[in-house]
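The values are calculated or read from the model by the stated rules, or taken from the named source; none is laboratory data. Only a predicted model underlies this, so the values are computations on that prediction, with no experimental measurement involved. Cβ placement follows ideal geometry from the backbone for every residue including glycine, while neighbour counts extend to all protein chains displayed.
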Amino acid sequence: MAPPGFPDFMSRTRVVHPGPVRLHGRAWSGYGPVVRVEFSGDGGRTWTEAAVEPRGPHPWAWQAWTCVWEAVPGRHTLSVRATDGEGRTQPLEQPWNRGGFGNNLVQRAPVLCC
């Protein structure tokens, strides 16, 4: 996800104005084409399907997506997760492994709307 708004220098929290905020990004899976992208404006408690752009020429290419978030005043954690054609969905928590490999957990971005 390309973080929306502008970053607060000290906290790196993104700052946006209330109202519709267009979100966009790209998703990728090493197992197959990305077939679904979901967005959450409440830290992953509820999910809404994002619009996935038409697939490019290669099934394992980065997959563009977009959605609109209706920002309301307050602090929020935006989250995005992707699902591939094999049914693999990004996990909310990353399983630990000694080498730190396979880091593919759900991306999160803190946002302040004011």
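Overview of values
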quantity: Verdict on P4 being surrounded by fewer than 12 Cβ atoms within 10 Å (Cβ to Cβ), closer than 23 Å to E70 by Cβ and in contact (Cβ under 8 Å) with a residue 12 or more places away in the chain; calculated: no
quantity: Complete set of residues in segment 35-73 that are more than 16 Å from A2 (Cα to Cα), among the β-branched types (V, I, T) and in contact (Cβ under 8 Å) with a residue 12 or more places away in the chain; calculated: V35, T48, V72
quantity: Complete set of residues in segment 8-24 that are part of a strand (DSSP E or B) and either touching a residue at least 60 places away in the same chain (Cβ under 8 Å) or loosely packed, with under 12 Cβ neighbours inside 10 Å (or both); calculated: R14, V15, V16, G19, P20, R22
quantity: G32 vs. criteria under 20 Å from P3 (Cβ atoms), in a loop (DSSP other than H, G, I, E, B) and in contact with a strand residue (DSSP E or B) (Cβ under 8 Å, 6 or more places away or on another chain); calculated: no
quantity: Tally of residues being within 13 Å of A109 (Cα to Cα) and modelled with pLDDT under 85 across segment 2-20; calculated: 2
quantity: Conditions (1) at pLDDT 95 or above; (2) in contact with a Lys or Arg (Cβ under 7 Å, 6 or more places away or on another chain): number failed by L23; calculated: (2)
quantity: Residues of segment 35-52 satisfying the condition of being surrounded by 13 or more Cβ atoms within 10 Å (Cβ to Cβ) and part of a loop (DSSP other than H, G, I, E, B); calculated: G41, G43, G44, W47, A50
